[in-house]
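Data block below; observations after.
The values are calculated or read from the model by the stated rules, or taken from the named source; none is laboratory data. No experiment lies behind these values; they were computed from the predicted model shown. Using ideal geometry, Cβ is built from the backbone for each residue, glycine included, and neighbour counts are taken over all protein chains shown.
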Amino acid sequence: MILFAAAIMMAFGASAQMSLVKDLAKKAGTGNPQAYAEVLQAIEPAFTNPESAGDVLTWYTAGKAAFGLFDEMYKVKLLGQAVDDNMMNECLNAAYQFYMTALPLDSVPEVDKNGNPKLNKDGSKKIKAKYSKEIIGALTSHMGDIANAGNIYLQNSDWENAADAFGNFADIASSDFAIKNGVAAADSTIAQVRFFQAYSQYQVKQFEEAYNNFTIARNLGYTQDNVVEFQTSALANLVQSMIDSNEYDKANNFIANALKGDPNNGILHDIKGFIVELKDGVDAALPLYRKAVEVDPNYADAQLNVGRCLYLQAQKIIDDNPNATNKELVPKLKPIYDEAIPYLRKAMELNPDDTKAKSVLDDILYKFEIMGVK
C-alpha cells in the first residue's frame, strides 16, 4: 500500500508539473514582459521532473519566455533607457540553452479530432515537429545578439560567459538548420569566433577546450592574433597537466589522436617526443624529434631537441667511459657532435632569443677544443 501510494503521488506530481507547464505556455504567449519573468521563475521545477523534463513544451516555453524578455529589454535599450545588460545577456544565453534542448525533443504525435493518435500505413504513430520552425527562426534571428554578448563579455574579461556566447553563436551559425535556411556564417567568421571562444577558454585554463577550438579556427583558415602560439601553448599546458599527474599514457594518447587529424604538425611530433623522453629516455625520443624537424624544418624547438638529444647521447658515452683518453673518445664523439651542430645552429637562427641552443653548442665547441679537434 505504501509503494502504491508513492506511485500515485509521483504520477500526480508529474501530472501537476505538466499542467503547470501548459498554463505557463499560455502565459508566455501573451507577449507581456512581466509574464515572461513570471514564467521563467515558475517553470524551474519542471526542468527536473522526469515527465516534464522530457517534454518539448517545457523547454519551448522557457525559451520563448527568455527570448521574449530579452527582446523587450532590447527595445527599451534602443529607446535610450537604462537596462541591465547582464540580465539581458543572461536571458539570451538561457534562451539558447532552452531552445537547443527543445529541438531534439520536438516530436509530437499527430491526433485526430477525437484526440486519438494518427497512424502511418505500417501502424506506427504519425509524428510531426510542432515548434522547430519557430525555434530555429528565433535562434538564427538572434545570432548577431549572441555574438554581441560575447564581445561584451570579452571586453569585461568575463571569460567563461564569453566562451559560452561565442560557442553558442558558432554552433548556430554552422548548424545544419542555418545552412538549410541560407543563414549560415562564412567559414572566415566562424574561424574568428572560434578563436575568441578558445582565447576565452585559455584565460580560465580550459586548455583542452581551448586547444580544440584554436585547432578549428586554424583549420578554417584563421592565421591572425598569434593563433599558432596560443594553440601550442594550450596544448603544452594540457600535456603538462597530464604529466604532472603522472598520466603519461593519457598525454601520449591525446597527442596520438591529435596527430591522426594533423599528421604534418611538427609541434605535435615534438611534444610527443617530450612525453616519450620523460618516460623512456633520450634514445626513444630522438626519432620523434627528428620527425618533427622533417615535417616542420622551421620549428626551432624541434631543431634544438634533436641537437640536444644527440649531445646527451655523446655525454652518456663520456660518462660511461670515465677512464678513456681524449684520443679514444674522439672517434666516438665527433660524428655525434658533427651531426648535432647543424641542428643547434638552425635553432639559433630560427629563435635568436633562446639561449639553450647556444649553450649546448658552446659546450660542444669547448669539448672539441680540449680534445684537439679542429
> Looking at segment 261-273, which of its residues are part of a helix (DSSP H, G or I) and among the charged types (D, E, K, R)?
Replying inline: Asp270, Lys272
> Within segment 237-287, how many residues are crowded, with 16+ Cβ neighbours inside 10 Å, of a type in the set (Gly, Ala, Ser) and modelled with pLDDT of 90 or more?
Replying inline: 4
>> If I go through segment 141-176 residue by residue, how many of them are among the hydroxyl-bearing types (Ser, Thr, Tyr) and either closer than 12 Å to Asn93 by Cα or surrounded by 18 or more Cβ atoms within 10 Å (Cβ to Cβ) (or both)?
In response: 3
>> So if I check each of Leu365, Leu344, which one is at negative phi, out of contact with any helix residue (DSSP H, G or I) (no Cβ under 7 Å at 6 or more places or on another chain) and among the aliphatic types (A, V, I, L, M)?
In response: Leu365
> Which residue, of Gly13, Gly63, Gly80, Gly54, is out of contact with any strand residue (DSSP E or B) (no Cβ under 7 Å at 6 or more places or on another chain), among the small types (Gly, Ala, Ser), at pLDDT 90 or above and surrounded by 14 or more Cβ atoms within 10 Å (Cβ to Cβ)?
Replying inline: Gly63
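Each row is one residue, and each column tells you yes or no for (1) part of a loop (DSSP other than H, G, I, E, B); (2) over 17 Å from Ala25 (Cα atoms); (3) not hydrophobic (A, V, I, L, M, F, W, C).
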position: Ala46; (1), (2), (3): no, no, no
position: Lys75; (1), (2), (3): no, yes, yes
position: Met88; (1), (2), (3): no, yes, no
position: Gln97; (1), (2), (3): no, yes, yes
position: Ala102; (1), (2), (3): no, no, no
>> Looking at Ala258, Ala251, Ala284 in this structure, which one is free of Cβ contacts under 8 Å to residues at least 12 places away in the same chain, out of contact with any Cys (no Cβ under 9 Å at 6 or more places or on another chain) and in a helix (DSSP H, G or I)?
In response: Ala284
> Taking segment 109-135, which residues are hydrophobic (A, V, I, L, M, F, W, C), surrounded by 13 or more Cβ atoms within 10 Å (Cβ to Cβ) and modelled with pLDDT under 80?
Replying inline: Ile127
> Picking from Ala236, Ala210, which residue would you name as being over 20 Å from Asp164 (Cβ atoms) and outside any loop (DSSP other than H, G, I, E, B)?
Replying inline: Ala236
